[in-house]
Every structure is written in C-alpha cells, then in structure tokens.
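J.: The structure follows.
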Amino acid sequence: MEYVLEARNIDKHFHKPKDFHVLRDITFGVKKGEFATIMGKSGSGKSTLLYILSTMDTDYSGELYLNNELITGKTHQQLSRIRNKNIGFVFQFHYLLSEFSVLENVMLPAKKLAEKTDAQIKKDAHEKLEMLHIGHLADQRASRISGGEKQRVAIARALINNPTILMGDEPTGNLDSHNSENVFNIFKNLKEQKGLSLLVVTHDEDFAKRTDRIIEMEDGMILNP
Amino acid sequence: MTNWSVILGIAKTHLLTKMKSTATATLGVTFGIGAYITLVSFMTGLNGMLDDLVLNQTPHIHIYNEIRPSDHQPISLYADFKDAFNMVHSIKPKQNQKKIHNALPILDYLKKHSNVKGATPQLRAQIFYLSGSIELGGNLVGVDIMEEVRLSNIQDNIVEGTPEALKNNDNGILLGAGLAKKMSLHVGDRVQISTVSGNIFPLKIVGIYQSGIAEIDDSQSFANLKTVQRILGEAENYVTDINIKLVDIVQAEPMARQLETQFKTKAIDINEANAQFETGSNIRNLITYAVSITLLIVAGFGIYNILNMLIYEKMKDIAILKATGFSGRDVQLIFMAQAMIIGFIGGLLGLLIGFVLSRAIDHAPFETEALPTITTYPVNYNPAYYVIGITFALLSTFIAGYLPSNRARKMDPVKIIRGT
C-alpha cells in the first residue's frame, strides 16, 4: 500500500542557543487510511518532526513527499496552498479565532481555498459541525463555548477542505478524560468511515495503544521504523 | 491569487471587535488631516488676502517716466576726449517731462496686444487739499474709473459712494478716507484743492476711498482723468503713468523689458515691485507646510503604534491563519487592509472636520479699520489641499501599516504555536 505522507532522511538542527541535532535521519511513511501516533519523551523531537511534516517548518534537510509529490523546496506561497488543501491540523490548544463565530471559523480555510461558492461552503461547514454533534453551536462566538466543544470545532475546521491527512499535536493534551474519549472516537470514525489518514503526536498511552501504529521516538530518532 | 473578500472580511472583523483602538487610530488620522486642512486653508487664505492687499494695488506692468540722470553725459560724445578719463561732478537729472511721450498711441498699441487684458492711463498730480487755512499735501490721481473697476479691485476700496458716481460727475473726487477724517468731510461735501502752481479748484466728494494702507489713505484721492488734466491745464494726451494688466502674468518681466526699449520709458513689472513681499509669502507658506507635515507624521506614528499592538495581540491568530493555509502575503494584506481602512475613513473624516472648521473660521467676524472690505477671516477652499490631505492620510497609513504587517508576514507560526 502506498504512502500518503513520506519522509526520507530528514535531518534538522536547532542553531540557537547552541547547535543541537534534533532530528537524525528520519525515514518513515503514513499509509492511506492509517491512524498513526508518534510517542516519545519531551525533547525527543516528535513535535519538531510533526511541524516539518505539516510543511510549516522548512528549515531541514531531506525530502518530504505528500501524495508522492515532492514538497521539499517549494515556495512559502505554494506550501500555504498545499497546507490549505491537503493538511488538516489540530493543536493542543484549540486556537480558534475568538472574534469570529464557530461557523465562520470552520468556513475560513475553505473560503481561502475558494474552490466552492460561499453557500456550498456554508452547507459543508454545517455538515461537519453536525457530524461532530455541535451543529447547535454554529452561530455562537468561538470564545463563548467550552474547551471540549472548541476542540471539536477545531477538528471541523481541519476537515472542511477534505484533507488527505489530519495531523494533531497533542489534540487531547488539554482535555479531561471524557472529552479525550470523544476526540479519540471522532478520529476513529473518520478513519473507519471516511478512510482518512491520521498522524497524531501524543503523550497519552491509552490513546496511542488503540491506534493502528505507534511510532516511538527518542533523541531525534525513530526506534521502530 | 488573492481572495479579497476573505481578507477584507477578516480585516473588518478585527477592526469592529477592537472598536476602541480602531477609533483611537482613526481619530489620530482625523485630527491630523483635519488640523492640516484647517491650518492650510486659513494660512493660505490669509496669505492670499495679504497678497491681494498689496498686489491688487500694483499693476502687472507700470510704465512711467523716471527722473534720473542721462546714461551718457555730453562729454562722452565728444570725439576729442574719447580716450581720456572724464570726470563729471554734481550731475543733475536730465530735464525731462513727466508725461509719457506718445501716450495715446502707446495705449492703442497695448490694447491691441494679445497678452494685455487692459491698459489704463493715469495722471498723478501733486496737489494740496485746503481746509480753511490749512494745506494738506497729497496726490490726485486722474483715472479712467470704469476701466480701473474692470481691471483692479478699486470698487472694493470705495467704502462710500460708487465708481459710477465719479464717472458721471466731471468735478467729482473720491477722497482718501484718512483725508476725509482729518478734514471732517463726507460724501456730498465740497473740498478745495490747489495745484502746485497755485490754482484753486472746488471738487465735489462723490465717494470715500480706503485702501487699508494708512499712508495712501492719508494723501491720495481719485478723480476723472479729464478733470485732472483740466486742473493742471494740460492737453488730453497728458498721461504720466500707464498701468497694464496681463492675461499671463508670467510674461510680465520680459514684456516690461521689451516695452522699455520700444517706447524709451521706464517699465516695472510686478515681481520687481514686490520682491520683498514675495519672500514673506514664501516663508509663511513654508511654515504652514512644516507645521502641517509635523501633524501628519504624528498621526502616522499613532497608527504605527496601534497596528503594532494589534499584531502583538493577534499573534496566535496569525499563527493559526498560517497553519490553516493562509500565506504570509495574505496575512500581510489583512493588516494592510486594516491600516488602509483606518487611513481612508480617518482621512475622509479629517477632510470633513477640516471643512467644517474652515467654514467656522470663514464665518468668524474679523473687522479691522485697515481692511474695509473684509468682515470675516479669509479662508482658501482650494480642492488641491483636500486631495493632498487624503493622499497623505493614505500614504502615511500605508507606511505605518507596512512595517508591522511585514513583521506579521514573516512571523514563524511554529514558534508561536510551540510557544518558544
């Protein structure tokens, strides 16, 4: 089965405060429809790796492929477009735009992509919110809803452009067990029902154990490639 | 490709939710532009009034016969002393008549000239105003009054009576306001004048003339050209001065030089006559602009500051926008759009406030003895200042917005999200 996302020989140094070799020769891939987690101690480089994979961090050597297309070396403008279209991202903190309504937050990446009409985008956004059982919050201000709800809105936003892969940086790290369970189930459903590929960095072992594959990292290397 | 509706939508939401800082920044621009418009309108209005005061008294070209010594003394024509070093002591001015030679043909020539709006003959006579046994020295200027009305603003300075009244009265005089006051004379009274040679004439006061310049008002009066010629016992071609108004004032200097050589008289152009006045105007303009630009720069710094703060507050939003696929350029445009909206709205309000304040100044009473025709402060409503004002508002907000928005463009989303 072919890889949706593939990293080849990725190396990264931190230059400040002093030179530090944070990622060493990382080679791995995420298959289509695979739910993978990256685990490791603090400072093992797992988040750093995730941000390289998300195309936000371009300061590395090696090659990165998305849908078998070389991503490394593209301009920021092109990378923004790729991120917009193909990658959904969920952070530890919800990071919603607090002045906007829930619906607007979800619609924003699709509006940027501008492949559909506003009416179509609105319909899509409502669908995503319904799917995550938060349709009733659509017109609330993003700053007025609870933490668990915010994280679900963030997931809806990540899904709005039907991305190839969904990435999460400790998406449950800031949630209570009930909400964590919720988020896990959402991810599971997305994989099973929509065939979405997922790559999640987490500290939560219970969460990781129930996924398809655990990638363990230590000192900037993958232990089980 | 840029999706303007999304970018403007985000910019609008930012501005509306941060109403307080938006209002502060906008008011900064409004105040700067408003003050600029008010100041520049008022200052240039004042300048214009002062210019008019002096310049309208002055013709564009003034032709007269100057009393001066001959350029070539007779000895230089004498061949025997050609190579000698000649010294002539106590040279006297050349015996010359005051009247302009061939004045009437010159006038005809000038009136047909394409660049001449009008040429008026004048006859200046030294006279005494008699009030009982007291003699007041002064001038009587013979003019073609209706031509003067057409070409200068003399009617503005006739504070009582009308130019027509003078035209219709062969023995009429427009008496200087200072003289009228000194001699306690009013319109309808008679004043006796005496020529230098001692002839006494009674003239009827048909109007009072007040230029605002005390020196003139205390000595100068106007009468019809023919009246003055008759008083002096001179013929109809006796004219001492010709005043010319031009269509194109820039031509004044070369034309004056040309007339001098053509008619062998003295011709002075307006710039020569008012050189020091021009300097004063220029310096006042310079001060006006210095103050205005300072105001606008201060407003610009206000915008810079507020946008900088806004971007600091919105760091996480910037990171999230970038993470979800907005490019650095999009983010920059979002903040630039905010700056430009502030600049545009603030600028327009500034123009409005500037206009309202100008109107207020325009209607404020300003009465001074020296300026009889002016009742309110002068204001110059030149549309060019409004164009400059809005242009500067947009320009300064552009610069003030560019620097912080450029920072937002370059901001690394990973650093913000990871909190390092």
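The values are calculated or read from the model by the stated rules, or taken from the named source; none is laboratory data. Fair warning: this is a prediction, and the values are worked out from it, not measured in the lab. Heads up, the Cβs are rebuilt from the backbone with ideal geometry, glycines too, and the neighbour counts pull from every protein chain shown.
J.: Got a sec? Which strands (runs of 3 or more DSSP E) wholly within segment A:1-115 have at least 3 residues that are away from every other protein chain (no Cβ under 14 Å)? Break it down stepwise before answering.
T.: Values: elements: A:3-14, A:20-31, A:35-40, A:61-66, A:87-90.
Filter on segment A:1-115 gives A:3-14, A:20-31, A:35-40, A:61-66.
J.: Working carefully through the options A:ARG157, A:ARG152, find the one that is within 12 Å of chain B (Cβ to nearest Cβ) and either part of a helix (DSSP H, G or I) or closer than 19 Å to A:THR55 by Cα (or both). I'd like the intermediate steps shown before the answer.
T.: Details: A:ARG152 fails: within 12 Å of chain B (Cβ to nearest Cβ).
The conditions single out A:ARG157.
J.: Looking at (1) more than 14 Å from chain A (Cβ to nearest Cβ); (2) out of contact with any helix residue (DSSP H, G or I) (no Cβ under 8 Å at 6 or more places or on another chain), find the lone condition where B:GLU313 falls short.
T.: (1)
J.: Do we find a residue being touching a helix residue (DSSP H, G or I) at 6+ places or on another chain (Cβ under 6 Å), within 21 Å of B:SER152 (Cβ to Cβ) and surrounded by 15 or more Cβ atoms within 10 Å (Cβ to Cβ) anywhere in segment B:219-237?
T.: Checking segment B:219-237: not a single residue is touching a helix residue (DSSP H, G or I) at 6+ places or on another chain (Cβ under 6 Å), within 21 Å of B:SER152 (Cβ to Cβ) and surrounded by 15 or more Cβ atoms within 10 Å (Cβ to Cβ).
J.: Now a separate question. Quick check on this structure: which one of B:ALA119, B:ALA11, B:ALA84 is out of contact with any strand residue (DSSP E or B) (no Cβ under 7 Å at 6 or more places or on another chain), not in a loop (DSSP other than H, G, I, E, B) and not charged (D, E, K, R)? Please lay out each step first, then the result.
T.: On the way: B:ALA119 fails: out of contact with any strand residue (DSSP E or B) (no Cβ under 7 Å at 6 or more places or on another chain); B:ALA84 fails: not in a loop (DSSP other than H, G, I, E, B).
When all the criteria are applied, what remains is B:ALA11.
To keep it simple, each residue is scored yes or no on (1) modelled with pLDDT under 85; (2) farther than 28 Å from B:MET43 by Cα; (3) surrounded by fewer than 23 Cβ atoms within 10 Å (Cβ to Cβ).
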residue	(1), (2), (3)
B:TYR312	yes, yes, yes
B:LEU321	no, yes, no
B:GLY325	yes, yes, no
B:PHE335	no, yes, no
B:ILE342	no, no, no
B:GLY346	no, no, no
B:LEU349	no, no, yes
B:PHE355	no, no, yes
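J.: Can you tell me how many residues within segment B:20-70 are part of a loop (DSSP other than H, G, I, E, B) and out of contact with any strand residue (DSSP E or B) (no Cβ under 7 Å at 6 or more places or on another chain)? Spell out the reasoning first.
T.: Going through segment B:20-70, the residues part of a loop (DSSP other than H, G, I, E, B) turn out to be B:56-60, B:65-70.
After this cut, where a residue has to be out of contact with any strand residue (DSSP E or B) (no Cβ under 7 Å at 6 or more places or on another chain) as well, the list is B:56-58, B:67-70.
Of the residues in segment B:20-70, 7 are part of a loop (DSSP other than H, G, I, E, B) and out of contact with any strand residue (DSSP E or B) (no Cβ under 7 Å at 6 or more places or on another chain).
J.: If you don't mind, there's one more thing I want to ask. How about segment B:180-218: which of its residues are among the hydrophobic types (A, V, I, L, M, F, W, C), under 16 Å from B:ASP156 (Cα atoms) and buried (at least 17 other Cβ atoms within 10 Å of the Cβ)?
T.: Residues satisfying the conditions are B:VAL206, B:ILE208, B:ILE216.
J.: Being over 30 Å from B:ILE374 (Cβ atoms) and assigned by TED's automatic domain parsing to the domain that holds B:ALA360 is the requirement here; does B:VAL29 meet it? Full working, then the answer.
T.: Working: over 30 Å from B:ILE374 (Cβ atoms): yes; assigned by TED's automatic domain parsing to the domain that holds B:ALA360: yes.
The answer is yes for B:VAL29.
J.: Can you tell which of A:ALA119, A:ALA125 is out of contact with any Pro (no Cβ under 8 Å at 6 or more places or on another chain), surrounded by 21 or more Cβ atoms within 10 Å (Cβ to Cβ), modelled with pLDDT of 85 or more and not in a loop (DSSP other than H, G, I, E, B)?
T.: Working: A:ALA119 fails: surrounded by 21 or more Cβ atoms within 10 Å (Cβ to Cβ).
Exactly one residue qualifies, and that residue is A:ALA125.
J.: Do we find a residue being in a helix (DSSP H, G or I) and among the β-branched types (Val, Ile, Thr) anywhere in segment A:171-193? Quick ask: steps written out before the conclusion?
T.: Here is the first cut: in segment A:171-193, the residues in a helix (DSSP H, G or I) are A:177-193.
The next check asks that each one be among the β-branched types (Val, Ile, Thr); those that pass are A:183, A:186.
Within segment A:171-193, one or more residues are in a helix (DSSP H, G or I) and among the β-branched types (Val, Ile, Thr).
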